[in-house]
Structures are given as C-alpha cells and as structure tokens.
Amino acid sequence: MMARVCVLLALLMTSAVVTADIQVTNAGLRELIPGQNNTVAYLQLHNSGLEGRQLIAVESNFAQRAEMHTQIMTDGMMRMRKLDKLDIGAFETVVFTAGGHHIMLYGMDKRLNAKDRCLVLIFINGERLPVTLELQSLADSTLKSHTHDH
Ligand SMILES: [Cu+2]
C-alpha cells in the first residue's frame, strides 16, 4: 500500500512543470531510537532555477505529522523552532543537517523498515516534490549530535 502511494507521488512529480529546478541530494531518515516514535530527516536542496522558491510544508507517508524545524541559540541553549516557510533563492543550496534545519517526523508507524519512505516537499506554487529517504542507522556518527526532546 505504501509503495503504491510512492509510485503515485512519483507520477505526480513527472507531470509537474518546474520540479527540475530543485535538486534533492543526501536525503536520509534517521533510524528510530527504540522506545521513541519521533525522528528526523535530513536532505540538501539546490535551486538551479532563476527564480526563488518557497517551501511551505512537508508530508510523509510513514509519520502522522511532518514539520520543518530549525535550531536557534537562546540563552546559551539550542532550541528548536518550527519553520512555516523556507526560502530557497535562485542558485542557492539549503542544507537540512544535524544542528540546523531538519524535518521532524512525529508518530511514526511500524512501517519504518519498509523499503520506500516518501517525503513530499510542498512549495507555495502548489508543486509537490516527492523524495525517497534512505534509512540511516543510529550508528552513523554524523547523526548522533541531534537530539529532539520537544
Ligand atoms: Cu525538531
């Protein structure tokens, strides 16, 4: 069922006109910590188009809710804040990574180990860009520094 959703999303993508402007790389999903049902996804977006783009939401087929977050330093503490929109200027690269922007996934179901994990990036012009996330093991040292206790 989930795999069929991914195929459908991919078909929607090919019918969109302007998705070629956004290239997604390093799209990864951190493996769920035992006992938790929230995790994070990271990716890198590059806008190769002449016009700025605005990301306004994210959705996923495996979590109840997905949000864009950033981390800011407040009173010497790193805190997370929800991003309602994110601009990607012409020729700009925006990186979601540990310690910075990230995609928060809440209420993960038991299908985490299914082969396909689709995240859909939703732009202000209505365009939906599906991204397949690679599952990244907790042992991957590049992911260890992120904590999410909110
Ligand atoms: Cu967060």
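The values are calculated or read from the model by the stated rules, or taken from the named source; none is laboratory data. Remember, it's a predicted structure, so these values are computed and weren't measured experimentally. Cβ: placed from backbone, ideal geometry, glycine included. Neighbour counts: every protein chain shown.
Some observations on this one:
- Per the conditions (1) surrounded by 15 or more Cβ atoms within 10 Å (Cβ to Cβ); (2) assigned to a strand (DSSP E or B); (3) not polar (S, T, N, Q), the sole criterion not satisfied by residue 98 is (2).
- Scanning segment 37-63 for residues that are over 18 Å from residue 27 (Cβ atoms), away from the ligand (no atom under 15 Å from the Cβ) and not charged (D, E, K, R) yields 49, 50, 52, 54, 56.
- Segment 64-78, residues that are without any contact (Cβ under 8 Å) to a residue 40 or more places away in the chain and either within 18 Å of residue 108 (Cα to Cα) or within 15 Å of the ligand (Cβ to nearest atom) (or both): 67, 68, 69, 70, 71, 72, 73, 74, 77, 78
- When the residues of segment 106-146 are filtered to those that are hydroxyl-bearing (Ser, Thr, Tyr) and surrounded by 11 or more Cβ atoms within 10 Å (Cβ to Cβ), the one that is modelled with the highest pLDDT is 106.
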